[in-house]
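Visitor: One structure is given below, represented as structure tokens, and several questions about it will come after.
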Amino acid sequence: MERIDGQQFRQMILLGAKNLKKHAEYVDSLNVFPVPDGDTGTNMNLSMSSGADEVKDIKFTHVGDVGKHFSKGLLMGARGNSGVILSQLFRGFSKHVEEVETLDKYSFVEALNAGVKTAYKAVMKPVEGTILTVAKDSANKAVESVESVSDIVELMKVVVEESKASLKRTPDLLPVLKEVGVVDSGGQGLVYVYEGFLSALTGEEIVEEENSVDTEEFINDTHEFDSFMTAEDITFGFCTEFMVRFEDGKKEFVEEEFRNDMDKFGDSLLVINDEEIVKVHVHTEKPGKALTYGAEYGEIIKIKVENMREQFRAIEDNREVKEETNEQIETAVIAVSSGEGINEMLRSIGVTHIINGGQTMNPSTEDIINIIKGEDVKEVIIMPNNKNIIMAAEQAQELLEIPSIVIPTRSIPECISAMFAYTKDASLEANEDDMIEAIQHVKTGQITYSVRDTKIDEIDIKKDQHMGILDGKIVTSNDADKETLDILIRKMIDEDTEIMAIFVGEDGNNDTLDSVLEKIEEEFDDVEFEIHDGKQPVYSYLISAE
């Protein structure tokens, strides 16, 4: 096969997406931190699937035309850092071939390298040992081999072989991978995409295993709300998704019995299973009871709970901002947030648009753009409030046709600090300087639970323990949340600390917090403590120190 046309390229994209989707859960399992994460496999799958959806029905034979559609779909669907990098790899690839009708081995190699250059430019501080390295190494190997291979099929075999070899080397380049004993998750996802490309060229269709679990309905669940509804009209308020890995010695799984029992917890029930795993989606008022029932059959390995009433209120509040103020919103201040109490605070200090999301719920580039779609705003400030959303926010900024900036906030405390530095009547440039300066002086503490046993930075972490995280680094892990809370707060206080704000989440306990603060307030009487009911998921306590 000396050349491929647009339809062959389209088939490569479809099988690349299919193979990635098939292995998305495994890619998720490679995440280094044992926290409830945004999930690399899920993010890459959603991003790649968005690109594949753009080309699945087109009939173009021109490679460049297919590339334009693929790149657009990837760009708009990109989620998380891994999804954004994937979109940039193929943005550069597609840009390079936009005038090319058919690809030969030489133009294919050039396009691969153009994609790598574009992806590296998109990352402010590229880290080796990641998806970037795997993409670069495989592209470089293709350059070395292009003269010696007979055609584009043989070249793609070289790319796949080198991507796997590069993936195996990632722990040698990124110490945290070696410490935890995994390869890079994003690099693994790219390998699956390349394997799909090769299967399309060789004609070897990827066959899904019989009774395999389809994750698509679980990872892109959105809720449509009628304009005449109120939050109280939602009977079952928590969209609950989880997976159970069956275990010997636990209750025997009988699908009909399981489905009937689970149906009692709410509505919108979806149960999908194979021989090893069952996945559940249900709208319920008592997600804890549904999870407890699921645990009777084995180990809960993945959980996602969203408060649909809060999602609805966010939509309503964004709508009311426009209805209550006759004046036009000239500057849209967008924040990604989750938790009714936190959302209320952000609105009170000037945030005009809230996107429901954060850890485990990374909004896409398109989600960020759509929040102001149809509104006559003159400029935009975006605060992602999570390190895994910053790149999607920057990509949205590039696509917006009005002046916009991204304040690279990695947490809600940084967002709040930035908002206190925001001046409504100041220029976009002045606000950017002041807000970025403000986030340099805030510490962020988070307490969440571990999803597996591991060891990071000499800290032994056991599944279900309460972990204390300080500015992205795990500093303590304990069975009791009280002990973790006490240690984390003390580590956050230094001689310059004047005020500490603590947001109590859905899994937090005010009595526990009061007990911890009773002694700490006596020892640090020059520090002012503020307690807020954040109602945020994932983090039982969210702490800010300035």
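The values are calculated or read from the model by the stated rules, or taken from the named source; none is laboratory data. Keep in mind the model is a prediction, meaning the values are calculated, not measured. Counting neighbours? That spans all protein chains shown, and the Cβs are built from the backbone with ideal geometry, glycine included.
Visitor: What residue, of D137, D172, is surrounded by fewer than 16 Cβ atoms within 10 Å (Cβ to Cβ) and part of a helix (DSSP H, G or I)? Steps first, please.
Guide: On the way: D137 fails: surrounded by fewer than 16 Cβ atoms within 10 Å (Cβ to Cβ).
Among D137, D172, only D172 is surrounded by fewer than 16 Cβ atoms within 10 Å (Cβ to Cβ) and part of a helix (DSSP H, G or I).
Visitor: Still on this model: Do we find that E128 is part of a loop (DSSP other than H, G, I, E, B), in contact with a helix residue (DSSP H, G or I) (Cβ under 8 Å, 6 or more places away or on another chain) and free of Cβ contacts under 8 Å to residues at least 60 places away in the same chain in this structure?
Guide: Values: part of a loop (DSSP other than H, G, I, E, B): yes; in contact with a helix residue (DSSP H, G or I) (Cβ under 8 Å, 6 or more places away or on another chain): yes; free of Cβ contacts under 8 Å to residues at least 60 places away in the same chain: yes.
Yes, satisfied.
Condition check ((1) among the small types (G, A, S); (2) without any contact (Cβ under 8 Å) to a residue 12 or more places away in the chain; (3) touching a Gly at 6+ places or on another chain (Cβ under 9 Å)) across all residues:
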residue: T497; (1), (2), (3): no, no, no
residue: I502; (1), (2), (3): no, no, yes
residue: G508; (1), (2), (3): yes, no, yes
residue: D511; (1), (2), (3): no, yes, no
residue: L517; (1), (2), (3): no, no, no
residue: I520; (1), (2), (3): no, no, no
residue: F524; (1), (2), (3): no, no, no
residue: F529; (1), (2), (3): no, no, no
residue: H532; (1), (2), (3): no, no, yes
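Visitor: Moving to a separate point now. What do you reckon, is F529 in contact with a helix residue (DSSP H, G or I) (Cβ under 7 Å, 6 or more places away or on another chain), part of a strand (DSSP E or B) and surrounded by fewer than 17 Cβ atoms within 10 Å (Cβ to Cβ)? Can you show your working first?
Guide: Numbers: in contact with a helix residue (DSSP H, G or I) (Cβ under 7 Å, 6 or more places away or on another chain): yes; part of a strand (DSSP E or B): yes; surrounded by fewer than 17 Cβ atoms within 10 Å (Cβ to Cβ): yes.
Against the criterion (in contact with a helix residue (DSSP H, G or I) (Cβ under 7 Å, 6 or more places away or on another chain), part of a strand (DSSP E or B) and surrounded by fewer than 17 Cβ atoms within 10 Å (Cβ to Cβ)), F529 qualifies.
Visitor: Quick check on segment 317-332. Is at least one of its residues crowded, with 23+ Cβ neighbours inside 10 Å and modelled with pLDDT of 90 or more? Steps first, answer last, please.
Guide: Restricting attention to segment 317-332, the residues satisfying the condition of being crowded, with 23+ Cβ neighbours inside 10 Å are none.
Checking segment 317-332: not a single residue is crowded, with 23+ Cβ neighbours inside 10 Å and modelled with pLDDT of 90 or more.
Visitor: Suppose we filter segment 373-393 for residues that are under 21 Å from the mean Cα position of the chain (by Cα) and surrounded by 20 or more Cβ atoms within 10 Å (Cβ to Cβ); how many remain? Steps first, please.
Guide: Of segment 373-393, the ones under 21 Å from the mean Cα position of the chain (by Cα) are 381-393.
Remaining after also requiring surrounded by 20 or more Cβ atoms within 10 Å (Cβ to Cβ): 381-386, 388-393.
Final tally of qualifying residues: 12.
Visitor: Still on this structure, please answer the following. Being crowded, with 20+ Cβ neighbours inside 10 Å, touching a Phe, Trp or Tyr at 6+ places or on another chain (Cβ under 8 Å) and not hydroxyl-bearing (S, T, Y): is that true of L86 here?
Guide: Numbers: crowded, with 20+ Cβ neighbours inside 10 Å: yes; touching a Phe, Trp or Tyr at 6+ places or on another chain (Cβ under 8 Å): no; not hydroxyl-bearing (S, T, Y): yes.
Answer is no for this residue.
Visitor: Could you say whether any residue in segment 144-155 is in contact with a Gly (Cβ under 8 Å, 6 or more places away or on another chain), in a helix (DSSP H, G or I) and surrounded by 16 or more Cβ atoms within 10 Å (Cβ to Cβ)? Can you show your working first?
Guide: Initial filter on segment 144-155 (in contact with a Gly (Cβ under 8 Å, 6 or more places away or on another chain)): none.
Taking every residue of segment 144-155 in turn, none turns out to be in contact with a Gly (Cβ under 8 Å, 6 or more places away or on another chain), in a helix (DSSP H, G or I) and surrounded by 16 or more Cβ atoms within 10 Å (Cβ to Cβ).
Visitor: Go through segment 213-296 and tell me which strands (runs of 3 or more DSSP E), entirely inside it, have 2 or more residues that are touching a His at 6+ places or on another chain (Cβ under 7 Å) and modelled with pLDDT under 80. Reasoning before the result, please.
Guide: Working: elements: 238-246, 266-273, 277-284.
Strands (runs of 3 or more DSSP E) meeting the threshold: 266-273.
Visitor: Would you point out the residue of segment 443-494, among those that are surrounded by 16 or more Cβ atoms within 10 Å (Cβ to Cβ) and among the small types (G, A, S), that is farthest from the chain's Cα centre (by Cα)?
Guide: Among those that are surrounded by 16 or more Cβ atoms within 10 Å (Cβ to Cβ) and among the small types (G, A, S), it is S477.
Visitor: With the requirement that a residue be in contact with a helix residue (DSSP H, G or I) (Cβ under 9 Å, 6 or more places away or on another chain), outside any loop (DSSP other than H, G, I, E, B) and surrounded by 10 or more Cβ atoms within 10 Å (Cβ to Cβ), what does segment 500-525 give you?
Guide: M500, A501, I502, F503, V504, T512, L513, S515, V516, L517, K519, I520
Visitor: So, in segment 93-108, how many residues would count as being in a helix (DSSP H, G or I) and out of contact with any Leu (no Cβ under 7 Å at 6 or more places or on another chain)?
Guide: Kept after step one, since they are in a helix (DSSP H, G or I), are these residues of segment 93-108: 93-96, 105-108.
When the remaining residues are screened for being out of contact with any Leu (no Cβ under 7 Å at 6 or more places or on another chain), the result is 94-96, 106-107.
Result for segment 93-108: 5.
Visitor: Here's another thing I want to ask about it. Tell me, yes or no, whether segment 251-266 has at least one residue that is within 26 Å of the chain's Cα centre (by Cα), of a type outside the set (A, V, I, L, M, F, W, C) and outside the structural domain of E506 (by TED's automatic domain parsing).
Guide: Our first condition is that a residue be within 26 Å of the chain's Cα centre (by Cα); within segment 251-266, this holds for none.
Within segment 251-266, none of the residues are within 26 Å of the chain's Cα centre (by Cα), of a type outside the set (A, V, I, L, M, F, W, C) and outside the structural domain of E506 (by TED's automatic domain parsing).
Visitor: Right, another one. Among the residues of segment 30-39, is any touching a Gly at 6+ places or on another chain (Cβ under 6 Å), aromatic (F, W, Y), surrounded by 18 or more Cβ atoms within 10 Å (Cβ to Cβ) and outside the structural domain of G472 (by TED's automatic domain parsing)? So that I can check it myself, show each step before the final result.
Guide: Taking segment 30-39 as the starting set, the residues that turn out to be touching a Gly at 6+ places or on another chain (Cβ under 6 Å) are 38.
Pick out the ones that are also aromatic (F, W, Y) and you get none.
No, there is no match, as no residue in segment 30-39 is touching a Gly at 6+ places or on another chain (Cβ under 6 Å), aromatic (F, W, Y), surrounded by 18 or more Cβ atoms within 10 Å (Cβ to Cβ) and outside the structural domain of G472 (by TED's automatic domain parsing).
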